[in-house]
Amino acid sequence: MPQYLLSVWHDEDYEPDFSTPDAQRQVAQVGAFNDQLHSSGAWLFAGGLQPASSATVVRSTGGEVSMTDGPYAETKEQMGGFWVIQAPDMDAALQLGSRAAAACERPVEVRPLQG
Amino acid sequence: MTDSLEAVFRREAGRCTATLIRLLGDIDLAEEAVAEAFTIATEQWPVRGIPPNPGAWITTTARNRAIDRLRREATRTDRHHAAHRLHSDDMEPDHNPEVADLDAFVDVVADDQLRLMFLCCHPALAADSQVALTLRLLGGLETAEIARAFLVPETTMAQRIVRAKRKLHDNHATYRIPRAAELPDRLAAVLGAIYLIYTEGHTATTGRSLTRTDLSTEAIRIGRVLATLMPDEPEAMGLLALMLLTEARRPARVDSLGLMVRLTDQDRSLWTRALIQEGHDLVRACLRRNQPGPFQLQAAIAAVHADSPSAEATDWSQIVALYDQLYAIRPNPVVALNRAVAVGFLEGPAVGLDALARVDLDGYQPYHAAQADLLARAGRTDEALAAYTRAIELTSNPAEREFLERQRENIADSEL
C-alpha cells in the first residue's frame, strides 16, 4: 500500500508548553487521531520533534565530517512532528492529512514516499 | 475531409483519452495511444471513410495499439504491470464497442469523462495546473496551443503539465468519481477551473488575440459536457448558462475600432439571440430546483441583463436582490463591488458610492473604474479623474487601458 509522510509545521521559535489549555486540547485530539490510525491499520510510525534549535547538520565531504549548529533549512517554519501512514490512494491520504491538521491545529504537509 | 477529421478529433479526443486512462491506468500511455490512433485515422479515413462511431473506433484502435506496444515493451516491469491491468479490467480487450452493446459503452465512457474531469481538477493541484491539464487531456489541445492561449512560453506550459501529471502519479491518485460526501468540494473545483478557462478567453476579447477567444469556446464545450454528465447538479447547469449568456454579448463588447464597450453602452441588437435563449432556458430550469449557488445566481443576473431591451430598461432592483443573495452565500469584496455598481444604477451614484465605501479592494482595477464612473455621474469630476488614473495604473490589458483613457478624456473634456 502507498505510504505517505504527514509532517506538522510551525514557526521556528515554537517551544512546546504542554501546560496550556490549548496544548492539552491538541494533545488529546492527536491521541484520538493516533488511536484511529492504529485501529484502521493506517499507522506505521509517528513522533513529535524537539525544537528546531536542538538540531545539528552533519556533512561528509571526502571523508571529512563537519557539523553545523541548528536546522538545515533557514526558514521561518520548521517541522515539529510527523506521521508515516499507509493509505490506499491520494484521496485517502489527504483525508487523513486533514484530520491530522484538525487534531494538531496546524498545517500538515502530505507527501508520498518513494516506491 | 481534413475539416471533418479535425471536428472528430475535437469532439472525441477527451472522451477517448478518458477511457484509455482507465484501461491503461496511466495518463501518458493513454495520451500516446490516442495520438497514435488519430494518426492511423488520418491515413485510413480519407480512403475508407469515417466509421459510423468514430469515438469507439479511436478507442478500440488506441487500446489495441497500446496492448501491442505493452507486449513489445513488457520487459519493463511497470509496463508489464499496466499490460496486466489492461486485461484484468472490466472492459475486455476483445470487446468490440462497434458491435457490442453501444448503450453500455456510452455509459462507461460518460463515467470516464467525469473521472477525468475530477482528476484534472483535483484540489491538490494549483488552479493553473488544473486548467492546463483540463485543456490538454479533456480538450485535446496541444501544449503549444495552451501556452499561446495563456501567454506563457511553451516550455513553461509543458513543465506545468508534466509536473501536474507527475504529482498525481507519485501520490497514487485514483481514477474515480468522488463519493457523495466529497462531491460538493470536488465539483466546485471542476466548475472553478472551467470558469477560469472561460474568463481567461473572455477578458482578452480585443480582436488582437484570437487564440484566446478559443479558450471561451473550449470552456463552453467542456461545461456543456459536464452539465450533460451531471444533470442533477444545478451549479453545473448554472455555470453553462452563465458562460452562454456572457458569450452572447461578445459581438457587442468591442466596437468597430476594436475598443471595449461597457455593458450599459452595448448595441443589444448585436447580442446572439440563440445563446441568450439557451442560457435563459437553463437558468429557468436550474432555479426551479431551488438550490441556488454562486454560478446560478450569476447566470440569473446575466439573464436579467439579457432580458432588458435597453440599458435604461434594466431591472436594477432585481439585480441588486440577486447580488444580495449572492453576497449572502459568497461574502467576498468583488461581489460587494458589483452590488455597489448595481445600487448606483438603482438609487443613484451617491448611494452607490456609499455602498462602495464599505468595499476594500484598493489593488483591483475594476474597483477604481467603478468608483470613477460613480464619481463622474455624481459630478465630482476631480476625484473621478484621479480614480481613472489609478485604474489605468492597475490594468495590464491594452483594450482596457484604451477604454479607461477614453473615459478619462471624456470627463476631462466635459469639464472644460
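Values quoted throughout were computed directly from the atomic coordinates according to the rules given, and no laboratory measurement underlies them. Keep in mind it's a predicted model, so treat the numbers as computed, not measured. With ideal geometry, Cβ positions are generated from the backbone for all residues, glycine too; neighbour counts draw on all protein chains shown.
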Can you give the Kirkwood hydrodynamic radius of chain B from its Cα pairs, in Å with one decimal?
-> 23.6
Using the eigenvalues of the Cα gyration tensor, what equivalent ellipsoid semi-axes result for the protein assembly as shown when each is taken as the square root of five times the eigenvalue, whole Å, largest first?
-> 44, 37, 22
Going by C-beta contacts inside 10 Å, put B:122, B:172 in order with the fewest on the left.
-> B:172, B:122
Amide H neighbours of residue A:46 under 5 Å, at least 5 residues apart or on other chains, H built in the peptide plane: list them.
-> A:84
Angle between chain A longest axis and helix A:21-40 axis [Cα atoms, degrees, rounded to 10] = 70
Peptide A:91-97 - average C-beta neighbours from other chains (10 Å radius) | 4
Can you list the HN-Hα couplings for the range B:311-319, worked out from phi with the Karplus curve (6.51, -1.76, 1.60; θ = phi - 60°), rounded to whole Hz and with x for Gly and Pro?
-> 4, 5, 7, 4, 7, 5, 5, 4, 5
Note on the range A:3-112: alpha-carbon gyration tensor, axes a ≥ b ≥ c; rule is a/c under 1.5 for rounded, else prolate if a/b larger than b/c, else oblate; result oblate
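By average Cβ neighbour count within 10 Å, what is the ranking of A:14-24, A:41-51 from highest down?
Taking the mean over residues of other Cβ atoms within 10 Å, the ranking is A:41-51, A:14-24.
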Most mobile listed residue (B:274, B:241, B:252) in chain B, GNM with C-alpha springs under 10 Å | B:274
Running Debye on the range B:106-230 with equal point scatterers at the Cα sites and no solvent, what base-10 log of I(q)/I(0) appears at q = 0.09, 0.13 Å⁻¹?
-> -0.24, -0.50
Lys, Arg +1 and Asp, Glu -1 on Cβ, resulting dipole of chain A about Cα centre, debye, nearest 20 = 360
Helix B:234-248 sits at what angle to the longest principal axis of chain B, using alpha carbons and giving 0 to 90 degrees rounded to 10?
-> 60
Would you tell me the mean number of C-beta atoms belonging to other protein chains that fall within 10 Å of each C-beta in B:6-18, as a whole number?
-> 0
If amide H atoms are modeled at 1.01 Å from N in the peptide plane, then the residues at a separation of 5 or more from residue B:254, or on another chain, having amide H under 5 Å from its own are B:261
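So what is the relative contact order for chain B, in percent, with contacts set as C-alpha pairs under 8 Å and at least six apart? Display every interim value, and only then the final one.
Details: 514 pairs, mean separation 38.2, N = 416.
The normalised contact order for chain B reaches 9 percent.
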The answer for residue B:173, listing residues at least 5 apart or on another chain whose modeled amide H is closer than 5 Å to its amide H, is A:90
Crossing angle, helix B:294-307 versus chain B [Cα axis fit, 0-90 degrees, rounded to tens] = 60
Which ³J(HN,Hα) values, rounded to whole Hz and listed in residue order, are derived for the range A:60-72 from phi using the Karplus coefficients 6.51, -1.76 and 1.60 in 6.51 cos²θ - 1.76 cosθ + 1.60 with θ = phi - 60°, glycine and proline given as x?
-> 10, 10, x, x, 8, 9, 10, 10, 10, 6, x, x, 5
Neighbour-count order for A:82, B:9, B:118, fewest beta carbons within 10 angstrom listed first | B:9, A:82, B:118
For chain B, calculated [θ]222 nm from helices alone, where every DSSP H run of n ≥ 4 adds -39500 (n - 2.57) = -23500 deg cm²/dmol
